[in-house]
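As C-alpha cells, the structure follows; a few thoughts come after it.
The values are calculated or read from the model by the stated rules, or taken from the named source; none is laboratory data. Just so we're clear, the structure is a prediction, and the values are computed from it rather than from any experiment. Heads up, the Cβs are rebuilt from the backbone with ideal geometry, glycines too, and the neighbour counts pull from every protein chain shown.
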Amino acid sequence: MTHSFKGFSGGKSYGWGGKGHYGWGGKDKGIGNWYCPPVIPPIIGFVPKPLPPIIGFIPKPLPPIIGFVPKPKPPIIGLFPKPKPPIIELFPKPKPHPKPEPKPEPKPEPKPEPKPEPKPEPKPEPKPEPKPEPKPEPKPEPKPEPKPEPKPEPKPEPKPEPKPEPKPEPKPEPKPEPKPEPKPEPKPEPKPEPKPKDDCIDCKDNNANPDNSFGGIDKNPGNIIKGTPNEIGQIHGTEKKDTIYGTDKADKIYGHAGADVIYGGAGDDIIYGNDNGDTLYGQSGNDTLYGGTGNDYLNGGEGNDIMYGGLGNDVYLVEQKGDCVVEHANEGTDTVRTYIDYELPDNVENLILMGTANLNGTGNSLNNEIIGNGGNNELRGMDGDDRLIGKGGGDWLDGGAGNDYLEGGVGNDTYVFNKGYGHDVICDYDTDPCNHDVLEFWQGLQISDLSFARSGNDLTIKAGGQDSLTVSNWFESAAYRIEEFKFDDGTVWNSTAIDKVLNSYGIDTSYASVSQDQITQQTQTQGII
C-alpha cells in the first residue's frame with residue numbers, strides 16, 4: 001500500500017522474497033501529488049514463477065503497462081536490473097516466429113535461379129560462331145533455295161555452324177510457305193461426287209430387282225433429283241435419265257424423257273414415268289403409277305395401289321390384295337409377279353408366283369403363262385392356249401379350254417383333262433421313284449371313251465371326237481411316265497395297263513379302242529389299283 005500527501009508520502013512495499021520494505025528511502029518528501037501505481041510492482045515481482053500464465057495474459061494488460069512505464073523507468077531500472085532480461089526475452093520470442101515463417105519460403109528463390117543459368121549459356125555459344133559466317137551465306141542462298149526447295153543444298157554448307165542458323169530462318173519462312181496455297185483444296189467438288197455414289201448404291205440395291213425382267217442392276221442412275229416440290233407440289237425430272245426421290249407428302253412426280261427410276265416415298269403419290277421404259281416405286285401410301293410408253297416396271301409397295309403400265313411389255317409387282325393392275329388391249333405382253341393368290345386381270349398375259357408359300361394362280365381368256373413357286377400350287381389356265389409350269393412341290397394343273405402345255409416338275413403332281421379341253425400336252429419329268437403323279441379324267445370321261453396310240457416316244461390319248469391328250473416321252477424313260485390314271489366312274493389304271501392294251505393290239509401309229517371286256521380283264525388280272 002502507498003499513501004500520498006501534499007509535501008509528504010510514505011508507504012510500504014513488498015519486495016521479492018516476501019519481506020516488506022519502504023521504497024525509495026522509506027519516507028519521501030515529494031513535490032505535489034505523487035501517485036505510484038500499485039499494479040506494476042506486484043506483477044513484476046511475480047513474473048518468474050507464473051511464466052506461462054503471464055505469457056497468456058500479456059496481450060490484454062499491455063496498454064496500461066506501456067502507458068505508465070515511462071514515469072517510473074529510472075527507479076525501476078536502478079532497482080530491478082534482473083526483470084528486464086526476462087521481459088525482453090518473453091516478448092521477442094513470439095514476434096520472430098511468425099516473421100521468419102513467411103520469409104524463408106524458398107519458392108520464388110529456386111525459380112529464378114535455374115532460368116537465368118541455361119539462358120545465358122546457349123546464347124554466347126552460337127552468337128560468336130554464326131555472326132561472321134551467315135552474313136554472306138544466308139542472304140543469297142535462302143532466297144533461291146526455298147523456290148525449288150532443294151533442301152540438300154544447305155546440308156554441305158552448315159556443317160557444324162549453320163545448323164543453328166537455319167532453325168531461326170525457316171520459322172518466318174513457313175508462314176509464307178505454299179501451305180496456305182492449297183486453299184484450292186476447296187476442290188471438295190469431288191466431295192459431292194461420293195454423295196451421288198451413295199445414291200447410286202441405293203439405286204443399285206433397289207433396282208437390282210429380279211422382278212424387273214428387262215432391267216437388272218442399273219450402274220448409271222443418271223441425274224440424282226431429291227424431292228423439292230414446286231409451288232403446286234410437283235417434282236420434275238429432265239429429258240435425260242433421272243433418279244428421282246419424292247418426299248413424305250403426297251407428291252406428283254414427272255420423269256419426262258429418259259429411262260427414269262422414281263421413288264414416291266411416303267404419302268399418296270402420283271408418278272408419271274412417261275417415255276423410254278421407267279422403273280416406278282410407289283413405296284408407302286396408296287399410290288397411282290403411270291408407266292407410259294416403253295417396257296416399264298411398276299411396284300406399288302405398301303398400300304392399295306393402282307398401276308397403269310401403258311404401251312410396252314410391262315412388269316408389275318403385286319403384294320397387296322387391294323392392288324389394281326390396269327392394261328388395255330394390244331398394249332404389249334405384260335407380267336404380274338405376286339406373293340399372294342392372284343387371278344390375272346384382263347389384257348395381262350403372264351403370272352409368276354413368288355416366294356415359297358402355297359399359292360394359287362389363275363389365268364384369263366388370253367394365252368397365259370402361269371409359273372408356280374416352290375410350294376404346292378393350284379394353277380388354272382382357263383381359256384386360251386396356256387402354259388402351266390408347277391416347278392417344285394405337289395402341284396395341281398388344269399389347263400382349261402384351249403391347247404395347253406402342262407409341266408408339273410418334281411413332286412406329286414395332278415393333271416386334269418375334261419371334254420372340250422382341246423389338245424393338251426403333258427410333260428412330267430421326275431427321276432424320284434417315290435413321287436406319284438396322277439392324270440384325272442372328268443365330266444363323265446370313261447375308259448370306253450378313250451383310245452390310245454404311240455407316236456414316236458409319245459403316248460397319245462383321244463377323248464371323244466375332238467379332244468386329245470399327249471404325254472411326252474412316255475416310251476423314252478420311266479421318269480416321264482404318269483403313275484396313275486383316274487376316270488370319272490372311279491376306275492383306276494396304272495401305266496402297265498396302258499402298255500398291255502397297246503401291246504395286245506400291236507398298235508404303233510393308229511389308235512386302239514378298248515372294249516369293255518378288255519377293260520374288265522385288265523382291271524382284274526393286271527393288279528390295277
Quick one: how many residues across region 374-395 are crowded, with 22+ Cβ neighbours inside 10 Å and free of Cβ contacts under 8 Å to residues at least 24 places away in the same chain?
-> 6
Given the structure, is D341 surrounded by fewer than 19 Cβ atoms within 10 Å (Cβ to Cβ) and either among the small types (G, A, S) or more than 37 Å from the chain's Cα centre (by Cα) (or both)?
-> no
Looking only at residues in region 482-509 that are in contact with a Ser or Thr (Cβ under 9 Å, 6 or more places away or on another chain) and polar (S, T, N, Q), which one is modelled with the lowest pLDDT?
-> T509
If we only count strands (runs of 3 or more DSSP E) wholly inside region 281-354, which ones have 1 or more residues that are in the same structural domain as L366 (by TED's automatic domain parsing) and under 23 Å from I262 (Cα atoms)?
-> 288-290, 297-299, 306-308, 315-318, 324-326, 335-338
What is the number of the single condition among (1) at pLDDT 95 or above; (2) farther than 26 Å from S504 by Cα; (3) acidic (D, E) that D437 does not meet?
-> (2)
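Are any of the residues in region 252-264 within 24 Å of E331 (Cα to Cα), touching a His at 6+ places or on another chain (Cβ under 7 Å), at pLDDT below 95 and in a loop (DSSP other than H, G, I, E, B)?
Yes, the conditions are met somewhere in region 252-264.
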Is it the case that some residue within region 291-298 is within 24 Å of G355 (Cα to Cα), aliphatic (A, V, I, L, M) and crowded, with 24+ Cβ neighbours inside 10 Å?
-> yes
Residue pairs qualifying under the 6 Å Cβ cut-off, at least six apart or on distinct chains, with the first in region 302-324 being at positive phi and the second being modelled with pLDDT of 95 or more and surrounded by fewer than 22 Cβ atoms within 10 Å (Cβ to Cβ), are G303/N286; G312/G332
